[in-house]
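Notes to accompany the following structure.
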Amino acid sequence: MKISMIVAYGKNWEIGLNNQMLWHISEDFKNFKQITSGHHILMGRKTFESIGKPLPNRTSLVLSTKGFSSEGVHTFDSIEKALDFARQNGEEELFVIGGANIYETMFKYVDKMYLSEVDFQGEADAYLKQIDFSTWDLIEQKEYEEIRQEQKLISPSWKFKVYVKKD
Ligand SMILES: NC(=O)c1ccc[n+]([C@@H]2O[C@H](COP(=O)([O-])OP(=O)(O)OC[C@H]3O[C@@H](n4cnc5c(N)ncnc54)[C@H](OP(=O)(O)O)[C@@H]3O)[C@@H](O)[C@H]2O)c1
């Protein structure tokens, strides 16, 4: 089973504040939905609470050490148990979808990264650990312009990049 990570981060590697996202980019949400649909998605308990419900057409695996449970998701108290569950279900590409804690712990297992680099700098309390790209190959890249309506910034510009780990 391949392990992939999907994350959107700002210029200072910021990913969240008060358990919420820092921007609203509808094209990025669409991308996220398209890429992860049909797959197992692995997240920390805080990220699940921030989303608030199981995402449709995906199998939600939630990590918690505190016996957390919620309708429509599978909860595990260890990464190994969550990965075994996905493998036994025949998953070929599992997606790590956050948050900061889970990205950091899972990074050593990740084979492929789907990254949204957002043109944003601002207050945050959750960060991605800086990635050393020298051990990764960029295989796909697309740039998106900012969206404004009557001068007001609706969504910042961003770059979508896909990397695979070098052999
Ligand atoms: N920009 C993005 O792409 C993106 C994506 C996702 C999330 N986020 C942001 O990230 C932030 C949340 O990140 P976070 O680091 O605070 O929390 P998190 O990673 O979502 O969840 C942390 C929780 O996961 C559980 N956990 C962690 N490691 C575990 C392990 N090995 N075994 C079992 N359970 C484990 C623990 O839950 P218990 O306390 O229940 O034991 C821990 O408190 C939010 O601001 C959210 O908006 C951003």
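To the nearest 20 debye, what charge dipole does the range 104-164 have about its Cα centre, counting +1 at the Cβ of each Lys and Arg and -1 at the Cβ of each Asp and Glu? Provide the component values of the computation, followed by the final result.
Working: 8 positive and 13 negative charges, 27 e Å.
Charge dipole of the range 104-164: 140 debye, to the nearest 20.
From zero outward in steps of 5 Å, how is the percent of C-alpha pairs of the range 2-165 spread across the bins?
Bins of 5 Å from zero give 2, 8, 18, 22, 21, 16, 8, 4, 1, 0, 0 percent of pairs.
Restricting the count to DSSP beta bridges whose residues both fall in the chain, what percent are antiparallel, rounded to a multiple of 5?
50 percent
Please list the non-local residues whose amide H lies under 5 Å from the amide H of Gly16, H modeled 1.01 Å from N, same-chain partners needing a gap of 5 or more.
Correct list: Asp125, Ala126.
Taking the chain as the reference, fit the longest principal axis to its C-alpha atoms, fit the long axis of helix 79-88 to the helix C-alpha atoms, and give the angle between the two in degrees, 0 to 90, nearest 10.
Between helix and principal axis, roughly 80 degrees.
Give me the distance in nm between label points sitting 7 Å out from Cα along the Cα-to-Cβ direction at Ser70 and Asn18, one decimal.
1.8 nm
May I ask for the net charge around Lys11, where only other residues with Cβ less than 11 Å from the Cβ of Lys11 are counted and Lys, Arg are +1 while Asp, Glu are -1? Write down the numbers at each step before the final one.
On the way: positive: none; negative: Glu14, Glu117, Asp119.
After counting each charged neighbour, the total is -3.
Note down the magnitude of the dipole of the range 2-165 about its Cα centre, charges +1 on Lys and Arg C-beta and -1 on Asp and Glu C-beta and zero elsewhere, to the nearest 20 debye. Working shown, then result.
Details: 20 positive and 24 negative charges, 58 e Å.
Once rounded to the nearest 20, the dipole reads 280 debye.
Accessible area per residue, 1.4 Å probe, Å², for the chain: what's the number? Before the final figure, lay out each step's value.
Numbers: 9620 Å² over 167 residues.
I get 58 Å² per residue for the chain.
Accessible area of the chain with a 1.4 Å probe: how many percent of it is carbon plus sulfur? It would help to have the intermediate numbers written out before the result.
Working: 4370 of 9620 Å².
It is 45 percent, rounded to a whole number.
Counting Lys +1, Arg +1, Asp -1, Glu -1, what net charge surrounds Ile51 among other residues with beta carbon under 13 Å of its beta carbon? Please report the intermediate quantities before stating the final value.
Values: positive: Lys33, Arg45, Lys46, Lys53, Arg58; negative: Glu49.
Around Ile51, the surrounding residues sum to +4.
What does the charge count near Met21 come to, summing +1 for each Lys or Arg and -1 for each Asp or Glu among other residues with Cβ under 12 Å from its Cβ?
With Lys, Arg at +1 and Asp, Glu at -1, the net is -2.
The values are calculated or read from the model by the stated rules, or taken from the named source; none is laboratory data. Keep in mind that this is a model prediction, so the values were computed, not measured. Don't worry about glycine lacking a Cβ; one is built from the backbone with ideal geometry, like all the others, and counts go over all protein chains shown. Heads up: the accessible areas ignore ligands, DNA and RNA and are worked out on the full protein's heavy atoms, side chains in. Shrake-Rupley method; radii C 1.70, N 1.55, O 1.52, S 1.80 Å.
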